Amino acid sequence: MRKSIVAIVGRPNVGKSTLFNRICRKRSAIVDFEEGVTRDRKYEEAEWSGQNFVVVDTGGIIPKASNSIDKAVKFQAEVAIEEADFILFVVDTKTGTTAIDMEVAKILSPHRDKVLLVANKVDNEKDELEIYDFLQLGFGDPFPIAAIHGRNTGNFLDEVVKNIDTLSSKDIIEEDVIKVAIVGKPNVGKSSLVNRLSGTEGNIVTDIPGTTRDSIDMNLNYKNKKFTFIDTAGLRRKKRIKYGVEYFSTMRTIESINRADIVLLLLDANDDISTQDQRIASYAARNYKEIILIVNKWDLIKKDNSTIGKYIAKIKTELKFVEFAPVIFISALTGQRAHKIFELLLEVDEESKKRIPTSQLNKFLQKVTAKFPPAHSSGKHSMIYYCSQVKTQPPTFVFFCNNAKLITTHYRRYLNNQLRDEFKFSGTTIKTIFRSREKVV
């Protein structure tokens, strides 16, 4: 199920970035008393009461903007409004309703069913008497908070989660469909690959179009298995992303990874592996997605017997955190080896569903701990009693210990690597949890 998108909008200097930081529990957005500091969107994943969602911090809307920067801020905020599932319209209690607030209300009016009016800077009970001035905006009773101090933000987040819970319940979960996100830098050949897969290997069931900058979902059947391919706009380096639709496309790409079961990361055979490629792969791995690396435009490379070996060695060095991902060399343009992608997808899907019996896991645990026992710099005794696989997709293993805090990061990585050496899990991320007798760490 995809994560709901919550956009924070309003005129400049009402505390949008402070609220963004409060929701995300980190200082990510730049906060300054000078208005207009946030000129593009920032986005972060957030969680409250077990509900995960994405928060977007927009630049302040200036409805009748004249200079180019103000126009750009207004435009990219409007894009966020159109794309968001839920909108937080923030106003400043200390200032009261302004003409700009009224103009912003007009912009938001067509979306009133997904808007929560938030009265910020309500520092005490006396300030709460001032919030009713905002009733004239036409969005009902404003929700009073003080983002900078955290006053009433717990109740506020309960209200947000209640609203996005309702949105999520409307989503349809297709359990028998393999969702595949095709991601990579611009011009790496994502759309060409989608066209190749749909034209040669798959029988198109439905084709749901979008704009060229949006993700496009395409449903295919292959060997009686249903696939949904999510074709995304290319991720660009942030400094090259301009105000407007392109910035939002970056977040949509991240959302596509969140929605996917398997991520196809396209690399250009003619280019070096970039920092952006590393970031995409890292994000997918951190979110426990199955990953396949596809080296496209292989037909343009001059080859000898060592060419593939050298490229794989480079991948292992520069994308070492996804060493588990299978690599395939293709040409989306000519179709070279593209037909093998479906079989690879089926193999990785099966690997992600693999379940290891507890008896087999404990034989494995006995072997690897005898070879390299857990130890801690404090000298305290650490012991792992047994291991059990508790779920699949991703394969998740719980190690039961005398004290999980004594299991070092190095040793956790060792066990993760040993699991992969023993049981393969090609293309699949592995999640390990270390549990004390009573607590999970």
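The values are calculated or read from the model by the stated rules, or taken from the named source; none is laboratory data. Every value quoted in this text rests on a predicted model; they were computed, and no experiment measured them. Glycine gets a Cβ as well: all are built from the backbone with ideal geometry, and neighbour counts include every protein chain shown. These area figures cover heavy atoms from the full protein model, side chains too; ligands, DNA and RNA do not enter into them. Shrake-Rupley method; radii C 1.70, N 1.55, O 1.52, S 1.80 Å.
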Where a ≥ b ≥ c are root eigenvalues of the Cα gyration tensor, a/c under 1.5 meaning rounded, otherwise prolate if a/b exceeds b/c and oblate otherwise, the range 330-441 counts as prolate
In whole percent, the fraction of accessible protein surface over the range 286-359 that belongs to carbon or sulfur atoms, probe radius 1.4 Å, stands at 54 percent
Simple spin-label estimate for LYS405/LEU135, 7 Å along Cα→Cβ, in nm, reads 5.3 nm
Row for the range 339-384, column shape: gyration tensor on C-alpha, a ≥ b ≥ c, rounded if a/c < 1.5 i.e. under 1.5, prolate if a/b over b/c, else oblate; value prolate
Heavy-atom accessible area per residue of the range 293-441, all protein chains kept, 1.4 Å probe, expressed in Å², is 54 Å²
The relative contact order of the range 359-441, taking Cα pairs under 8 Å that sit 6 or more residues apart, comes to a percentage of 30 percent
In this structure, among LYS310/LYS391; LYS114/LYS225; LYS320/LYS371, pairs with alpha-carbon gaps over 31 Å are LYS310/LYS391; LYS114/LYS225
When every protein chain stays in place and a 1.4 Å probe is rolled, LEU345, LEU135 sorted by accessible area with the largest first are LEU135, LEU345
Heavy-atom accessible area with a 1.4 angstrom probe orders THR18, THR58, most exposed first, as THR18, THR58
For HIS149 the rounded accessible area (nearest 10 Å², probe 1.4 Å, non-protein molecules ignored) is 130 Å²
For ILE301 and GLU343, extending 7 Å from Cα along the Cα-Cβ vector and measuring point to point gives, in nm, a value of 2.0 nm
Distance in nm between PHE372 and SER274 label points, each 7 Å along Cα→Cβ, equals 3.5 nm
Rounded to whole Å², per residue accessible area for the range 98-159 with a 1.4 Å probe reads 50 Å²
